[in-house]
1. Taking amide H positions as placed in the peptide plane 1.01 Å from N, state which residues far from ALA412 in sequence (5 or more) or on other chains have amide H under 5 Å from it.
2. How far is it, in nm, from the label point at SER586 to the one at HIS89 when both lie 7 Å from their Cα along the line to the Cβ?
3. With charges only on Cβ, +1 for K and R and -1 for D and E, what is the dipole size of the stretch 72-122 about its Cα centre, in debye, rounded to 20?
4. Near the amide H of THR335, under 5 Å away, which other amide H atoms are found, from residues 5 or more places off or on another chain, if H is placed in the peptide plane?
5. Once you list every other residue whose beta carbon is under 12 Å from the beta carbon of ARG607, what net charge do they have if Lys and Arg are +1 and Asp and Glu are -1?
6. So if I take the centroid of the Cα atoms in the stretch 8-81 and the same for the stretch 179-208, what is the distance between those two points in Å?
7. Roughly what % of Cα-Cα distances in the stretch 254-335 sit above 17 Å, to the whole percent?
8. How high is the FRET efficiency between ARG103 and ALA11 when r is their beta carbon distance and R₀ equals 35 Å, given to the nearest 0.05?
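The values are calculated or read from the model by the stated rules, or taken from the named source; none is laboratory data. What you are looking at is a predicted structure, and each value in this text was computed from that prediction instead of being measured. Glycine gets a Cβ as well: all are built from the backbone with ideal geometry, and neighbour counts include every protein chain shown. Only protein heavy atoms, including side chains, enter the accessible area calculation; ligands, DNA and RNA are left aside. Shrake-Rupley method; radii C 1.70, N 1.55, O 1.52, S 1.80 Å.
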Amino acid sequence: MKSSRLTVAPATAQKLARLGLVEPMDLVLHLPLRYEDETRITAIADAPYQHSVQIEGEVRQCEVRRQPRKQLRVLLADASGAVWLRFLHFYPSQEKLCAVGQRLRAVGEVRRGFQGDEMVHPKIHAVGDNDVLPEAMTPVYPTVQGLNQSTLRRLIGQALALEDLSDTLPAALRAELALPDFADAVHTLHHPPPDCAQQALALRRLPAWQRLKFDELLAQQLAMRILYRQRRHGGSPRLCGDGRLRQALLAQLPFALTAAQQRVLAEIDADLASPHPMRRLLQGDVGSGKTVVAALAALTAIEAGYQAALMAPTELLAEQHYLKLRDWLSPLGLTVAWTSGSQKKSERQAARAAMASGAAQLTVGTHALFQDDIDFARLGLAIVDEQHRFGVGQRLALSGKGGEPHQLMMSATPIPRTLAMSYYADLDVSVIDELPPGRTPIVTKLINAARRGEVMGAVAHAVAQGRQAYWVCPLIEESETLQLQTAVDTHVELQAALPGVAVGLVHGRMKSADKAAVMAAFSRNEVQLLVATTVIEVGVDVPNASLMVIEHAERMGLAQLHQLRGRVGRGAAESRCVLLFEAPLSDLAKARLKVMYDTTDGFEIARQDLQLRGPGEFLGARQSGAPMLRFADPEADQPLLDVARNWATRLLAEHPDAVDAHLRRWLSGKEQFLRA
């Protein structure tokens, strides 16, 4: 870290960089995890248990014991009483510091020990005649190995003194929200005064915290709004079809579009007809019919003389899409190409040639579509399924295939409103909020794994009635740490337990052709029970399957459980989902399973999933490339988010200089809020 005013040694700079601290302003915004109150002295007799306090006294006894293990024991006394300081790891310098007669201050938690009250590994320092108590609480910062608190405090103090902390927000905005000045806010959070409201500080409710949260949310909203405007000025082909292929597909489908699908399709059509690149997020619950909407959007691109590409995160899902779209579009005289990393070289070369020449109007694939040697003749529309599983760089690579195509991103993991407002503010969002008619609700049951035999009996009963079932296992081979039942072993077990049932097996390590063969047999009801890993969580559509059994459901997240449950309930027969769990359950596992039992609404499940996991884990930030907020929580701080959205519009229109200054402060030297 180096500027004209602050210089840091290279070794220290490397450690700082691991914390994301590259510029001096990063240090200013590196806020404490907690605080130690060294502004007051507590009498030893009054020190409460299990609370960090500072005591002061004279060393009455200092000894090194070697039984039951080597340790340094120091008896510290004041006028009210005495307490033992115990160090299991210590240096000769510490032993020297604790000489009898030395006056010490110690900071730590008092607890009951075998030989009286004690502090284990307190922070200690000698007290001189002229020592005074600090005027502010002592900050404790997040750090990495080799970077101690004193170094961080020194560097942060220098940054606070040297950096320009003048306000970037207009006075009217600060007055409207009663926000403190930026400089006052950061100084308060680094060095809160002794009379600071401790609970409000810990819960991040101080006005200083509100200021930092608002600034961060405002920076994100401004960046997203600017990105959105830039995109609206970009150029993409107008995709206006004549409807001929669309009408042909709709005529051959055995169902009619729902009103929600028609509404969403109209929104997509308006974007495709625009000369600006579409970036639309299509949300819909499991089974709501996103794939047919994507197919109809692709037909518009094809009618306009362009190609379309659909990308999925797993080979099984991509292959399922390919088979479905091929069945739909081949009768219309269209060529659907398929490309994946596991294809034979000759097949891959043929698919790439068809894409490059324009012979393939639609291509379906996995991340193989990102490779540099893949070219399209005239790509007009890129469709990304389960978009949150792809990184920004991957989506950008697809965008670069033949100009600036329109993009339709689909997600069956509904995004709660607060996250959509925050992390997807640069996208237009469409929601299919209606399921096709004729679907019967799925009944969810929670069953202890000890009753596994009864569940097998339920599978046999379902098959006897002509229905089919899934049996899902989390792993395909033994794990010494988790000891989960494997799909391979379960397949053998169920074959033996259900001799009259055709049991198939699908897992991620099978060859593509073998997986396709098993899935085709299951679709034709030649396989009645499909044992699988979670590779089937999306894309599989077998209406005759009415029973889903999920092993070790307590180990899975809500989104994955909801996706798996959505593989049944696609026909008219009553469907059930059995969540097998191993007792005892953790509090988090109980909460997840209760949500699954209480509701089948994907949007409600997503909302509760967000509360349980937080936005970073919910969005899969490292995979998606979505920037995480460090201080604000979109759910808990929704009122601030609403105000930030409104003020972002006003600042862009009325205070462009303030916008530039604010973004420079918040985007300098760290992960950018701007997303592809």
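1. Result for ALA412 returns GLU386.
2. Calculated label separation equals 2.6 nm.
3. 80 debye
4. Here GLN361, LEU362 satisfy the definition.
5. So the surrounding residues net to -2.
6. Going from one Cα centre to the other spans 22 Å.
7. 51 percent
8. 0.45
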